[in-house]
Amino acid sequence: MSANTSKPKVPSSDISVRGFASRDKESLKKVTIQFGQRLHQIRIDNKLTQKEIAKSLHLNAMTYSRYENGTRIPDADICAQIVLTYGIDPAWLLFGDQCVKKNTATKPVSSNYTTAPVYELADAGHANYLTQGSPVDEISVPINLLHEHIAVIVYRDSNMTPYISPGAIVGLNTDIKDTPMGHVYAIWAPHTGTMLYRTYPKNLTEIALRSDNPTMPDLTVTHSDFKQAVLGKVEWLFQTA
């Protein structure tokens with residue numbers, strides 16, 4: 001199908017997708033229903049169940065069902081995952097046939113993606129390890145996000161919210177050549193196991209390990225202890241809003 005080159009008709013600016021705030025409830029309802037219909041078409045084109053497509057987008061089945069049934073519309077990061085995972089024209093996904101037609105190729109080029117195992121971070125029962133046990137899941141990611149020093153983990157703690165929510169998939173670079181402050185690192189401690197912290201200089205001899213969650217207190221380590229405890233640096237992450 002050839003793309004319509006005319007200027008797309010953008011939905012009313014009165015509609016706020018995030019939070020469902022709108023002065024035009026009927027228009028918003030129409031937008032969500034039409035979005036769900038396009039999502040349904042993508043799923044059928046790829047011969048997937050709702051459970052299967054939800055897993056591919058790192059969503060639970062109930063959340064995905066609401067999107068497809070037209071009772072809820074996803075945030076921009078989820079739309080981006082749909083576009084990247086299934087090779088969809090983003091304009092068609094958002095605005096439908098009034099803008100452009102769906103790409104004829106409904107799947108990503110296989111050479112651009114690869115599957116990576118997902119691990120749990122080591123708990124307090126492990127001595128200075130980044131991960132523990134066998135993979136608990138797998139994820140399909142663009143191949144340029146992976147290299148030999150990337151460890152893919154699922155982060156279950158809440159200390160880094162809102163930056164990293166529980167259940168986020170995180171790519172950790174284990175090739176630690178330097179440790180600039182202000183970044184998020186995987187840090188091992190005997191009483192917690194491996195957790196993520198943002199680092200700040202406290203004084204000439206100490207470093208503060210800080211959670212983005214304001215309810216969590218700072219921890220303090222010496223520079224030498226930090227060098228021994230740091231196991232990786234957050235390079236990328238995937239999470240739902």
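The values are calculated or read from the model by the stated rules, or taken from the named source; none is laboratory data. The structure displayed is predicted, hence computed values, not measured ones. Every residue, glycine among them, receives a Cβ derived from its backbone with ideal geometry; neighbour counts consider all protein chains shown.
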Residues located in segment 169-183, provided they are aliphatic (A, V, I, L, M) and either in contact with a Ser or Thr (Cβ under 8 Å, 6 or more places away or on another chain) or surrounded by fewer than 20 Cβ atoms within 10 Å (Cβ to Cβ) (or both): I169, I176, M181
Within segment 203-241, considering residues that are in contact with an Asp or Glu (Cβ under 8 Å, 6 or more places away or on another chain) and not polar (S, T, N, Q), the one modelled with the lowest pLDDT: A241
Given (1) at pLDDT 85 or above; (2) assigned to a loop (DSSP other than H, G, I, E, B), number of the condition T115 does not satisfy: (2)
Strands (runs of 3 or more DSSP E) enclosed by segment 122-192 - at least 2 residues per element that are in contact with a Lys or Arg (Cβ under 9 Å, 6 or more places away or on another chain) and in contact (Cβ under 8 Å) with a residue 12 or more places away in the chain: 168-173, 184-189
3 or more residues β-branched (V, I, T): qualifying strands (runs of 3 or more DSSP E) within segment 200-241: 219-222
Scan of segment 196-241 for residues that are touching a residue at least 60 places away in the same chain (Cβ under 8 Å), surrounded by fewer than 20 Cβ atoms within 10 Å (Cβ to Cβ) and under 25 Å from the mean Cα position of the chain (by Cα), ordered by number: E235, W236, L237, F238, Q239, T240, A241
